[in-house]
1. Does A22 fit the bill of being out of contact with any Cys (no Cβ under 7 Å at 6 or more places or on another chain), at pLDDT 85 or above and open to solvent by less than 50 Å² (accessible area, probe 1.4 Å)?
2. Filter the range 117-140 down to residues that are open to solvent by less than 100 Å² (accessible area, probe 1.4 Å) and more than 15 Å from A87 (Cα to Cα), then give me how many there are.
3. Under 6 Å by Cβ, and 6 or more places apart or on different chains, what pairs join a residue from the range 49-70 that is part of a helix (DSSP H, G or I) with one that is at pLDDT below 80 and open to solvent by 40 Å² or more (accessible area, probe 1.4 Å)?
4. Which condition number in (1) modelled with pLDDT of 95 or more; (2) under 22 Å from F65 (Cβ atoms) is the one that K112 fails?
5. Mind listing whichever residues of the range 96-110 are surrounded by fewer than 16 Cβ atoms within 10 Å (Cβ to Cβ) and among the charged types (D, E, K, R)?
Amino acid sequence: LWWVWWNRAVTFQAERQQIFLAWQKSEDQLQQAMQTIDQMAATEIANEEGKPGPSPAVLIKAKQFYERLLQQDGPPARHALVHLRLAKIHERLGEHREAQASYQAAITRWEKLAQEWPDHADYHVHLKDGRQRMQALAGRAGP
C-alpha cells in the first residue's frame with residue numbers, strides 16, 4: 001500500500017510540473033504577443049490620414065485584443081497590465097472617458113498587488129505610471 005501511495009505521489013508531482021511548465025510557456029507567449037501588439041500600436045509611421053502614428057484600425061484591433069483578454073481568467077497582474085495598456089489605447093483614440101476608467105481599474109489593481117507584494121518593483125513602477133498618466137489625462141481634460 002505504501003508503494004502504491006508513493007508511486008501516485010511521484011506521478012502527481014511529475015504531472016504537476018508538466019502543467020506548470022506548459023502554463024509558464026503559455027504566459028511567456030502571451031507576453032510576447034502583447035509586446036508585439038504594443039509595438040504595432042506605438043509605431044510612428046504615417047497613417048491613412050497622413051499624420052504620424054498608428055492607424056486607427058491598428059489601434060482598434062489592439063483594443064479589441066485587450067478587451068477579449070480581460071474577459072478571460074488570468075493572474076491579477078495580467079489583468080492590471082491589460083487595463084493599463086487598454087487605457088493607453090483609449091487615450092490615443094481620443095476616448096478619454098474610457099481611458100480614465102481603464103486607468104482607474106489598473107491603478108486599483110496595481111495598488112492591491114503592490115500592497116500584497118511590496119518587494120515586487122514592477123508593480124510599483126506600473127502603479128506610478130498609471131497614476132501619472134491618469135493625472136496627465138485629467139489635466140488635458142480641463143476643469
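The values are calculated or read from the model by the stated rules, or taken from the named source; none is laboratory data. Since the structure is predicted, the reported quantities are computational estimates derived from the model, not experimental observations. With ideal geometry, Cβ positions are generated from the backbone for all residues, glycine too; neighbour counts draw on all protein chains shown. Ligands, DNA and RNA are excluded from the accessible area calculation, which covers all protein heavy atoms including side chains. Shrake-Rupley method; radii C 1.70, N 1.55, O 1.52, S 1.80 Å.
1. No; evaluated as a whole, the condition is false for this residue.
2. Looking only at that region, the number is 8.
3. Note: pairs meeting the criteria are V58/M40.
4. (2)
5. Correct list: R97 only.
Here's the yes/no breakdown for (1) surrounded by 12 or more Cβ atoms within 10 Å (Cβ to Cβ); (2) modelled with pLDDT of 80 or more; (3) within 20 Å of S102 (Cβ to Cβ); (4) among the hydroxyl-bearing types (S, T, Y):
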position: S26; (1), (2), (3), (4): no, yes, no, yes
position: E49; (1), (2), (3), (4): no, no, no, no
position: P52; (1), (2), (3), (4): no, no, no, no
position: L59; (1), (2), (3), (4): yes, yes, yes, no
position: E67; (1), (2), (3), (4): yes, yes, yes, no
position: Q72; (1), (2), (3), (4): no, yes, yes, no
position: R78; (1), (2), (3), (4): yes, yes, yes, no
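Yes or no, residue by residue, for (1) within 14 Å of the chain's Cα centre (by Cα); (2) of a type in the set (S, T, N, Q); (3) farther than 23 Å from A136 by Cβ:
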{"residue": "Q13", "(1), (2), (3)": "no, yes, yes"}
{"residue": "Q17", "(1), (2), (3)": "no, yes, yes"}
{"residue": "F20", "(1), (2), (3)": "no, no, yes"}
{"residue": "Q72", "(1), (2), (3)": "yes, yes, yes"}
{"residue": "R78", "(1), (2), (3)": "yes, no, yes"}
